[in-house]
Amino acid sequence: MSKNRKIIIAGNWKMNKSIAEAEELTRNITMELGETSEVDVVVCPTFTALKSVGDIITNTTVKLGAQNMHWEAEGAYTGEISASMLRDLYCHYVILGHSERRTYFGETDEIVNNKVKAAIAANLKPIVCVGESLEQRESDQTKDVIKGQIEKSLAGLGENLDKVIIAYEPIWAIGTGLTASPEQAQDVHAYIRSILEEMGGTDIAQSIRIQYGGSMKPANAEELLSQPDIDGGLIGGAALDASSFAGIVNAGIQK
Ligand code: PGA
């Protein structure tokens, strides 16, 4: 089946940039990209910079995303931010279950599942991250790990399964400069799509966008994005520089 999904490139700025730096990066990105609309472009700054970045991109095609949220709507959850608070800031997307959250903050698939449901209920598009460690890849557990993460993180969504975006991010490739080869990534992406098909049927599985993440940069983006089941990128390090981020977006337009 031909690929008719729109490429989506999202920048995950992680815990980087002051408000002033985030504003400068955003202005540079919008200048580099102009009126780009062939590719969906998302920037995910820290919570503290969401408002300022959101104000700059209001009249552009770039959309705002957050890096995390809590699943409850409100209440006594010191330090947390809810989906409706993100909507209040005109966020359209939220990254959920990033491996750094799973590893450093103990997020389980069950927690991610609660967050995914809350995000969808608030009309936020979740970017749900999955990926294996180096040890798991070397001991041939990649597909089992991915299957478990997808099935549990996306459990019970029913028809709403089509609202999610998935990011396949092999942990060994994140921030390491190591990238999965296009063949390695395609192999896992096709596998993820087959699990989605089991969960929601062919039409839904064919419509869901699956991003690759892990040291994606302008030099490797086009080859990765040319793979039949790779529908975008979740970019960390290279998203902190306007021209490299724009280079990846342009690779998505060209392919
Ligand atoms: P990286 O990060 O591009 O710096 O490898 C990707 C991510 O963690 O989302």
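The values are calculated or read from the model by the stated rules, or taken from the named source; none is laboratory data. Please read these numbers as outputs of a predicted model, since none were measured by experiment. Cβ coordinates were reconstructed from backbone atoms using ideal geometry, including for glycine residues, and neighbour counts include every protein chain displayed. The accessibility values were calculated without ligands, DNA or RNA, using every heavy atom of the protein model including side chains. Shrake-Rupley method; radii C 1.70, N 1.55, O 1.52, S 1.80 Å.
What is the percent carbon and sulfur in the accessible area of the chain, measuring with a 1.4 Å probe over the protein chains and ignoring ligands? Spell out each step's value before the answer.
On the way: 5540 of 11350 Å².
It is 49 percent, rounded to a whole number.
Can you give the calculated 222 nm mean residue ellipticity of the chain, where each DSSP H run of n ≥ 4 adds -39,500 (n - 2.57) and the sum is split over every residue, rounded to the nearest 500 deg cm²/dmol? Write down the numbers at each step before the final one.
Values: 11 runs with 111 residues, N = 255.
After summing the helix terms and dividing by residue count, I get -13000 deg cm²/dmol.
Using θ = phi - 60° and the Karplus curve 6.51 cos²θ - 1.76 cosθ + 1.60, what whole-Hz ³J(HN,Hα) does each residue of the range 230-236 get, with Gly and Pro shown as x?
After applying 6.51 cos²θ - 1.76 cosθ + 1.60, I find 9, 10, x, x, 10, 10, x Hz.
Based on DSSP loop calls and a cut-off of at most 15 other Cβ atoms within 10 Å, the longest stretch of the chain free of exposed chymotrypsin sites (Phe, Trp or Tyr not before Pro) is what? Walk me through the numbers before you get to the answer.
Details: sites that count: Tyr77, Tyr90, Phe105.
In the chain, the maximal stretch lacking such sites is 106-255.
Contact order normalised by length for the range 8-254, with contacts defined as Cα pairs under 8 Å and 6 or more residues apart; what percent is it? Each step should come with its number before you reach the end.
On the way: 474 pairs, mean separation 49.6, N = 247.
That works out to 20 percent.
So, taking all protein chains as they sit and a 1.4 Å probe, how much accessible area belongs to Asp55, in Å² rounded to tens?
Rounded to the nearest 10, the figure is 90 Å².
Please give the solvent-accessible surface of Lys6 in Å², to the nearest 10, using a probe radius of 1.4 Å with every protein chain present.
Lys6 exposes around 80 Å² with every protein chain in place.
Heavy-atom accessible area per residue, the chain, 1.4 Å probe: how many Å²? Mind dumping the intermediate values first?
Values: 11350 Å² over 255 residues.
For the chain, the solvent-accessible area averages 45 Å² per residue.
What shape does the range 78-143 have by the C-alpha gyration tensor, where a ≥ b ≥ c are the square roots of the eigenvalues, rounded means a/c under 1.5, and otherwise prolate means a/b greater than b/c and oblate the rest? Let's see the in-between values first.
On the way: a/c = 2.89, a/b = 2.23, b/c = 1.30.
In terms of gyration-tensor shape, prolate.
Does a label point 7 Å from the Cα of Met31, set along Cα-to-beta-carbon, have any residues of the range 223-255 with amide nitrogen under 19 Å, and which are they?
Residues passing the 19 Å test: 239-250.
Please give the direction-averaged projected area of the C-alpha convex hull for the chain, in square nanometres with one decimal.
Working: hull surface 50.1 nm².
Mean projected area for the chain: 12.5 nm², to one decimal.
Taking GluC sites (Glu not before Pro) as exposed when DSSP calls them loop (any state but H, G, I, E, B) and at most 16 other Cβ atoms lie within 10 Å, what is the longest stretch of the chain free of them, the sites themselves excluded? Don't skip to the end; give the middle numbers.
Numbers: sites that count: Glu35, Glu38, Glu72, Glu74, Glu80.
Counting at most 16 other Cβ atoms within 10 Å as exposed, the longest clean stretch of the chain is 81-255.
Given the C-alpha atoms of the range 149-188, compute the convex hull and give its volume per residue in Å³.
Values: hull volume 3.5 nm³, N = 40.
So the per-residue hull volume is 87 Å³.
Consider just the alpha-carbon atoms of the range 1-138 and return their Rg together with their Dmax, both in angstrom.
Final numbers for Rg and Dmax: 15.8, 48 Å.
Take the eigenvalues of the Cα gyration tensor for the range 154-253, scale each by 5, and report the square roots as semi-axes in whole Å, largest first. Please list the in-between numbers first.
Values: eigenvalues 127, 35, 30 Å².
After diagonalising the Cα gyration tensor, the semi-axes are 25, 13, 12 Å.
Show log10 I(q)/I(0) for the range 16-62 at q = 0.15, 0.22, 0.28 Å⁻¹, two decimals, from a solvent-free Debye sum over equal Cα scatterers.
Log10 of I(q)/I(0), two decimals: -0.34, -0.71, -1.07.
Give the cross-link partners of Lys6 among the lysines, using a straight C-alpha distance below 23 Å as the criterion and excluding same-chain residues fewer than 8 apart.
Qualifying lysines at Cα under 23 Å: Lys63, Lys125, Lys163, Lys217, Lys255.
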